[in-house]
1. Taking T56, is it surrounded by fewer than 18 Cβ atoms within 10 Å (Cβ to Cβ), within 16 Å of ligand 1 (Cβ to nearest atom) and either polar (S, T, N, Q) or under 17 Å from I116 (Cβ atoms) (or both)?
2. Does A49 count as under 12 Å from the mean Cα position of the chain (by Cα) and surrounded by fewer than 16 Cβ atoms within 10 Å (Cβ to Cβ)?
3. Of the residues that sit in region 64-80 and are within 12 Å of ligand 1 (Cβ to nearest atom) and surrounded by fewer than 16 Cβ atoms within 10 Å (Cβ to Cβ), which one is nearest to G19 (Cα to Cα)?
4. Which count do you get for residues in region 14-45 that are more than 18 Å from T108 (Cβ to Cβ), surrounded by fewer than 16 Cβ atoms within 10 Å (Cβ to Cβ) and away from ligand 1 (no atom under 16 Å from the Cβ)?
5. Taking the residues in region 81-98 that are in contact with a Ser or Thr (Cβ under 6 Å, 6 or more places away or on another chain) and open to solvent by 60 Å² or more (accessible area, probe 1.4 Å) as candidates, determine which candidate is farthest from ligand 1 (Cβ to nearest atom).
6. Name the residues in region 81-136 that are of a type in the set (G, A, S) and part of a loop (DSSP other than H, G, I, E, B), would you?
7. Which count do you get for residues in region 8-38 that are of a type in the set (A, V, I, L, M, F, W, C), part of a strand (DSSP E or B) and within 25 Å of S71 (Cβ to Cβ)?
8. Take the conditions of a type in the set (G, A, S) and within 21 Å of G113 (Cβ to Cβ) and apply them to A20. Does it pass?
Amino acid sequence: MERTLPQEHAMHKGSCLCGAVSFEVAGALPAPDACHCSQCRKQSGHFFASTDVARTALTIHGADNLTWFNSSEKVRRGFCSRCGSSLFWDPIRRDWIGVAMGAFDKPTGTRLGKHIFVAEKGDYYDIVDGLPQNQR
Ligand SMILES: [Zn+2]
Ligand SMILES: [Zn+2]
């Protein structure tokens, strides 16, 4: 029988599309948010789902291939310099960092928790999953 580790001891791995940047998050992943703000829309190509994890829980490999874009004074966004994959949403003065759900290998062991910045969402789709929606 396969031994399954409890979530709190889990190690969640992920990478960009080309594999130049990879990462691990130690422990269970908190429920991700889907952000529909105009910055996340433009940077991700749609909306951006990410999970906020403690900085100390995240290990990044291939950080030389990571480019950071300061999308505001307090936030920088990390993407792969080679393939462009959106990977990290980093509020630099906080002790946590957002990690893109699309970059994780499955299973993530979590479910989307809510939608945020719905006031800025695109007009070409509807949110019909019944989850809470915050206008901002
Ligand atoms: Zn890449
Ligand atoms: Zn956003």
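1. Judged against the criteria, T56 is not a match.
2. The answer is no for A49.
3. Here the residue is D64.
4. 2
5. Step by step, filter region 81-98, then rank; the result is W89.
6. S81, G84, S85, G109, G113, G122, G130
7. 4
8. Against the criterion (of a type in the set (G, A, S) and within 21 Å of G113 (Cβ to Cβ)), A20 does not qualify.
The values are calculated or read from the model by the stated rules, or taken from the named source; none is laboratory data. Please read all numbers here as calculations on a predicted model, not as lab measurements. We place every Cβ from the backbone using ideal geometry, glycine too, and count neighbours over all the protein chains shown. These area figures cover heavy atoms from the full protein model, side chains too; ligands, DNA and RNA do not enter into them. Shrake-Rupley method; radii C 1.70, N 1.55, O 1.52, S 1.80 Å.
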